[in-house]
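Comments concern the structure below.
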Amino acid sequence: MNKKLICRKAVFAMLACTTLTSINAQQKEYPQPERMKPGMSEYWTPQPAIVTPGDIQTNSAPSDAIVLFDGKDLSAWESVKGGPAQWTVENGVFTVNKPTGDIQTKQQFENFQLHIEWRIPEDITGTSQGRGNSGVFLQGKYEIQVLDCYNNETYVNGQTGSVYKQTPPLANAMRKPSEWNVYDIIYSAPIFKDDNTYRVPPTVTVIHNGVVLQNHTTILGTTEYIGFPKVAKHGAGPIILQSHGDPSEPISFRNIWIREL
Ligand code: MG
């Protein structure tokens, strides 16, 4: 190796050393971020409210639920036509009393979790929509269909657990007539713009006998029998249970509770 090359290498080494020293000096001028510890991404308040779950043996309501039917009377309900709810209460359940029409909760709700159990009678007759038809109307406007869909074909957006005439259910989880069905419904109310259209549309999740039928489904508007969904501004509303008016419709309900969210 000649002297010139040795000299160049020495100069390069000195420059490299000077640069590194300079970078280290700059780094020392700034505070280094503290090393993350597990506790840095944890927060402890506010703690969620303590809710005592319902008893699995007796199928009771959670401690913070509003009980809408406890098997005794329809004091939380009234007729949609006006006056007291006159469906038949017997043996801890109540049953549609067709001539008296739909019933609704006296209380109005916004966002909620609703638990409701319903039963198609063993001797049900009829076909398609004329077989065990009822419904649960959210805020009095948006129907989640109740129907006997056990070996009963009908249009899919009118099946059990459909958002009626809008969104079919993801599955058919129907139990046989005479067995109890369970709906757990989680509903978020809409937020409206000044022009009375949705800024945030309503959404619904429906679980039927433990099976998801609606998964955070957007509701497009009112659930019309004839025509398409309508959007009109509204506030809190009741839960309405439908008396569909079929010749054979003694559908029964029990164990109804709601938790406001
Ligand atoms: Mg119906």
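The values are calculated or read from the model by the stated rules, or taken from the named source; none is laboratory data. None of these values were measured; they are calculated from a predicted model. No Cβ is skipped: glycine too gets one built from the backbone with ideal geometry, and neighbour counts run over all protein chains shown.
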Q) Hey, among Asp148, Asp184, Asp195, which residue is away from the ligand (no atom under 16 Å from the Cβ) and under 23 Å from Phe94 (Cα atoms)? A) Asp184
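Per-residue answers, yes or no, for (1) at pLDDT below 95; (2) surrounded by 19 or more Cβ atoms within 10 Å (Cβ to Cβ):
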| position | (1), (2) |
| --- | --- |
| Asp102 | no, yes |
| Asp123 | yes, no |
| Gly140 | no, yes |
| Asn151 | no, no |
| Tyr155 | no, no |
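Across the range 222-260, what is the number of residues that are of a type in the set (Val, Ile, Thr) and in a strand (DSSP E or B)?
The total comes to 3.
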Q) Across the range 62-93, what is the total count of residues that are outside any loop (DSSP other than H, G, I, E, B) and touching a Pro at 6+ places or on another chain (Cβ under 7 Å)? A) 1
Q: From (1) more than 23 Å from Thr222 (Cβ to Cβ); (2) in contact (Cβ under 8 Å) with a residue 24 or more places away in the chain, pick out the condition that doesn't hold for Thr88.
A: (2)
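Taking the range 151-175, which residues are of a type in the set (A, V, I, L, M) and more than 15 Å from the ligand (Cβ to nearest atom)? Write out each step before concluding.
Our first condition is that a residue be of a type in the set (A, V, I, L, M); within the range 151-175, this holds for 156, 163, 170-171, 173-174.
Within the range 151-175, Leu170, Ala171, Ala173 qualify.
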Q: Considering every residue within the range 95-114, establish whether at least one is of a type outside the set (A, V, I, L, M, F, W, C), within 14 Å of the ligand (Cβ to nearest atom) and over 26 Å from Pro201 (Cβ atoms).
A: yes
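Please tell me if Glu34 is assigned to a strand (DSSP E or B) and free of Cβ contacts under 8 Å to residues at least 40 places away in the same chain.
In short, no.
Any idea which residue in the range 225-261 is nearest to Ala189 (Cα to Cα), counting only those that are aromatic (Phe, Trp, Tyr) and buried (at least 17 other Cβ atoms within 10 Å of the Cβ)?
Residue satisfying both the conditions and the ranking: Trp257.
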Q. Got a number for residues in the range 206-253 being over 14 Å from the mean Cα position of the chain (by Cα) and over 19 Å from Lys106 (Cβ atoms)?
A. 24
